[in-house]
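These notes are about the structure you will find just below.
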Amino acid sequence: MSYASFRPVRRVGDQRAVSQKTPADTDEDTFRRAVSGPQPTLIAGPPARRVELEATFSSCPDAPRRAAFHEAGHATMRLLHDLSFTRAYIAEDGTGGVEFERASTRGDRWRSALRCLAGPVAEAHYTNTPIADVLLAPQSTQDRRRARAEIAHTTASFTEAVETCERLVAWAWPGISAVAEVLAARGEIGPDEACDLINAVMA
């Protein structure tokens, strides 16, 4: 896939524009829908608090690398949506997760669903496994349920969200892969280092 005008993703405290690089082979209306989604809804949420989305991969073949690509998908999509995270990690017991602060106002439900799906979709892309199989696997249960709950508040279908996320993950694959390699090697990555890696490989 070819790439057009890439603008760097934003580091914590940095005021540069978030990445919004349009794939050259995707028409403008399709990409706008992929990014903006159908009828985004803003709702009031709880006060800011740390949230940790964790998945267990201990029963999976090649568990550490699967976990690395899964969590890199979540982390990268957050940065591409101009949202940060505290850390992404892979633990020795086969769990992986992304920690972040929940804002007092939640963004639109469509983007939230894409962020939930980005982990399983990235894992499927890495393993060359049908996305349906990964979504039904134990490590994707929480992501699948959260994505369905968010999509229920939009005019989109779950299938449409999965297909959109597959296109976005394919587009962002160089960045996801770079983040995943650090996670697989070291077990943890922060948002600033992830931003630098994504900018380096997608510029």
- Under 5 Å between amide H atoms, partner at least 5 residues away or on a different chain: which partners does Arg87 have, H built in plane at 1.01 Å? Glu99
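Using C-alpha positions alone, give me the convex hull volume of the range 89-156 per residue in cubic angstrom.
Values: hull volume 6.9 nm³, N = 68.
Spread over its residues, the Cα hull of the range 89-156 gives 101 Å³ apiece.
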- Query: So between Asp133 and Glu101, what do we pick up on full extension, going 0.36 nm a residue minus the alpha carbon distance?
  - Reply: 8.5 nm
- Note on the structure: For Arg102, the residues 5 or more places away or on another chain with a placed amide H closer than 5 Å to its own amide H are Arg49, Arg50, Val51
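Please work out whether the range 44-202 counts as rounded, prolate or oblate from its C-alpha gyration tensor, where a ≥ b ≥ c are the square roots of the eigenvalues and a/c under 1.5 means rounded, while otherwise a/b larger than b/c means prolate and anything else oblate? Write out the running numbers ahead of the final one.
Details: a/c = 1.36, a/b = 1.14, b/c = 1.18.
Rounded, since a/c falls under 1.5.
Ranked highest first by average number of other Cβ atoms within 10 Å, how do 153-163, 120-130, 65-75 line up? Before the final figure, lay out each step's value.
Working: 153-163: 15.9, 120-130: 21.5, 65-75: 29.7.
Ranking the peptides 153-163, 120-130, 65-75 by packing returns 65-75, 120-130, 153-163.
Each reported figure results from applying straightforward, stated rules to the coordinates on display, with no laboratory input. Source: prediction; values computed, not measured. Don't worry about glycine lacking a Cβ; one is built from the backbone with ideal geometry, like all the others, and counts go over all protein chains shown.
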